Amino acid sequence: MSEKSASHTDLLPHLFRLEYTKMTAVLCRHFGLQHIEIAEDIASETFLKAMESWGVNGVPENPAAWLYAVAKNKTKDYLRRQQLFENQVKGALKTPASQDAPEVRFTPEIIQDSQLAMIFAVCNPCNPAEAQICLALQILCGFSITEMADAFLAKTETIKKRLLRAREKLRQDHFEIGELQESAIAERLPTVLRTIYLLFNEGYFSASGSQLIRKDLCAEALRLAHLLSENPLTNTTEANALLALMCYQSSRLEAREDEAGETILFEEQDRDLWSQELIDKGNQYLVNACAGNAVSKYHLEAGIAYWHTTPVATKKWEHILQLYNQLILLEYSPMMALNRTFAYAQVYGPERGIAEAEKLQLTTHSAYHALLAYLWISIDLTKAISYYQQAIQLTKSATEKKTLQRELDKLYTP
Amino acid sequence: MKEFVLIFRLDDPGHMKPSPEQMQERMNWLAGIAAQNKLADKGNTLSVTSGRTVKPGNIVTDGPYTEIKEFISGYIVVKTDTIEEAVELAKGNPIFKLGGNIEVREVIKRD
């Protein structure tokens, strides 16, 4: 008995993530986006029933099929109840439309189409970026509010409020989730790509939250982008560039932290831990991405990530600097400016790098001081130490503090 | 924050075809301004071969040359608090190695 219950409690969270979002996507398409709560209620009830039933009877042979069968029945029940209500209340006034509502079906094609439609519904520019990410995590990835609060180091109340507001805005926007129109897709694809990109970055770069959940964010972003690449309408060169970028970055996920969960800097990573499989995939997507003439920021970033996967090649940093030069012209961000300056220093040496860095005057950013500290090491150790100390003081992330402290400690040992 | 147009002038059309190294220098300079978040518009290059000057009396002459042999090769727009800052940015441009010059002019916005 204990063995049985262990297996179903292990399986359910995994299945929940995977199937809950598929189920709601299909149901939402069935009921319309404005009735997303009905879809979510049915999906939740289905999992509740699974928890009860599997605890007693054991896990069925095909758990997903079991879940879909229950969801189908629950939908039928819901529609029957609703029709009964409609008939009783309104039947006296007019003849009800007595034709049966079309049955909800869960074929692989329908699931895939529905998920794609759902991505386009959720990534709505009417919501600010951070709200879009939360919505995507909840509706597309099946994350709980606690998990999101954990990932963003925010209070659950904050996340709840953000989601509530975002959902209300979605409802007001009347986005059609039925058939995806080519023009609507073209118009909204940039927002979709942006949301997936931010979702990935949140997992890959944010120094907060548990490592486990952050890896999940990266995996989910990849999964959503894969969905885009499987439909000819959304399999654009930009989508492929984004996929290439995420594959290259993900290839280093295992190598960039030690067993204690501490960050291992790029230069110190064990390259044998890089996933060659993901690098190969990245190469494939990058080739697809270069099929047209369009150069997006995803192309440029994928290019940079590509050069990072190569062994110390000649002119590697020249190429990286050129790509950063183009990127910063497309879009300014303090992080981008600092990364570009790092590449600049790799090409032209620390002295010129320092001069270029000092122009940025990003004195409130811990990374600015960390960069200057790094560049001063070979020139003036006292300056390097003082910059590291400022960087440590400014960072809010515990992991980053540790990493910086470790770099600082190295300077004291001969 | 004010905006200033930097107008680049050269006197040798041959310099319009930069070597890869010169191109890299120019890009470094431009991206360096963008990295300081002081680039308002990355501007454009102006062609020397495809240029005409229109004068009173329907007189059209070949080329961009007005009085002297100097021509405008391109422009960008920067955003800084003062004209001195804009001039500082201009000083880093590799155009001076080619004998070119840069005119810095504040943009007066139309209402």
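The values are calculated or read from the model by the stated rules, or taken from the named source; none is laboratory data. Since the model is a prediction, treat every value here as computed from it, not as a measurement. Glycine gets a Cβ as well: all are built from the backbone with ideal geometry, and neighbour counts include every protein chain shown. Calculation scope for accessible area: heavy atoms of the full protein, side chains included, ligands and nucleic acids excluded. Shrake-Rupley method; radii C 1.70, N 1.55, O 1.52, S 1.80 Å.
Would you mind finding the one in B:ILE95, B:ILE72 that is open to solvent by 70 Å² or more (accessible area, probe 1.4 Å), touching a strand residue (DSSP E or B) at 6+ places or on another chain (Cβ under 6 Å) and under 20 Å from B:GLY14 (Cβ atoms)? Of the residues listed, the single one that is open to solvent by 70 Å² or more (accessible area, probe 1.4 Å), touching a strand residue (DSSP E or B) at 6+ places or on another chain (Cβ under 6 Å) and under 20 Å from B:GLY14 (Cβ atoms) is B:ILE72. In this entry, B:LEU89 is excluded by the filter for residues that are in contact with a helix residue (DSSP H, G or I) (Cβ under 6 Å, 6 or more places away or on another chain) and either at pLDDT below 95 or open to solvent by 100 Å² or more (accessible area, probe 1.4 Å) (or both). Note on segment A:147-166: residues that are at pLDDT 85 or above and surrounded by fewer than 20 Cβ atoms within 10 Å (Cβ to Cβ) amount to 9. Does A:TRP317 satisfy the condition of being over 25 Å from A:THR236 (Cβ atoms) and away from chain B (no Cβ under 14 Å)? Spelling it out, it is not the case that A:TRP317 is over 25 Å from A:THR236 (Cβ atoms) and away from chain B (no Cβ under 14 Å). With (1) assigned to a loop (DSSP other than H, G, I, E, B); (2) open to solvent by 40 Å² or more (accessible area, probe 1.4 Å) as the list, and A:LYS281 as the residue in question, which single condition is left unmet? Only one criterion in (1) assigned to a loop (DSSP other than H, G, I, E, B); (2) open to solvent by 40 Å² or more (accessible area, probe 1.4 Å) is unmet by A:LYS281, namely (1).
Across segment A:332-341, the qualifying residues are those that are touching a residue at least 24 places away in the same chain (Cβ under 8 Å) and within 9 Å of chain B (Cβ to nearest Cβ), and the one among them that is most open to solvent (accessible area, probe 1.4 Å) is A:PRO334.
The rows are residues; the columns are (1) without any contact (Cβ under 8 Å) to a residue 24 or more places away in the chain; (2) open to solvent by 30 Å² or more (accessible area, probe 1.4 Å); (3) within 14 Å of another protein chain (Cβ to nearest Cβ); (4) of a type outside the set (Ser, Thr, Tyr).
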| position | (1), (2), (3), (4) |
| --- | --- |
| A:VAL312 | yes, yes, no, yes |
| A:ALA343 | no, no, yes, yes |
| A:VAL347 | no, yes, yes, yes |
| A:ARG352 | yes, yes, yes, yes |
| A:TYR368 | no, no, yes, no |
| A:ASP380 | yes, yes, no, yes |
| A:TYR387 | yes, yes, no, no |
| A:SER397 | no, no, no, no |
| A:THR403 | no, no, no, no |
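To keep it simple, each residue is scored yes or no on (1) hydrophobic (A, V, I, L, M, F, W, C); (2) within 29 Å of A:ASP280 (Cα to Cα).
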{"residue": "A:LEU153", "(1), (2)": "yes, no"}
{"residue": "A:LEU164", "(1), (2)": "yes, no"}
{"residue": "A:LEU199", "(1), (2)": "yes, yes"}
{"residue": "A:ASP216", "(1), (2)": "no, yes"}
{"residue": "A:GLU238", "(1), (2)": "no, yes"}
{"residue": "A:MET246", "(1), (2)": "yes, yes"}
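Residues that are assigned to a helix (DSSP H, G or I), touching a strand residue (DSSP E or B) at 6+ places or on another chain (Cβ under 8 Å) and either open to solvent by 60 Å² or more (accessible area, probe 1.4 Å) or more than 14 Å from chain A (Cβ to nearest Cβ) (or both) within segment B:1-59 comprise B:PRO13, B:HIS15, B:MET16, listed in sequence order. Might you let me know whether segment A:38-50 holds any residue that is modelled with pLDDT under 90, open to solvent by 50 Å² or more (accessible area, probe 1.4 Å) and assigned to a helix (DSSP H, G or I)? Checked segment A:38-50: no residue is modelled with pLDDT under 90, open to solvent by 50 Å² or more (accessible area, probe 1.4 Å) and assigned to a helix (DSSP H, G or I).
Each row is one residue, and each column tells you yes or no for (1) of a type outside the set (Ser, Thr, Tyr); (2) closer than 30 Å to A:ALA355 by Cβ.
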residue: B:SER47; (1), (2): no, no
residue: B:GLY51; (1), (2): yes, no
residue: B:SER73; (1), (2): no, yes
residue: B:PHE96; (1), (2): yes, yes
residue: B:GLY100; (1), (2): yes, yes
residue: B:VAL104; (1), (2): yes, yes
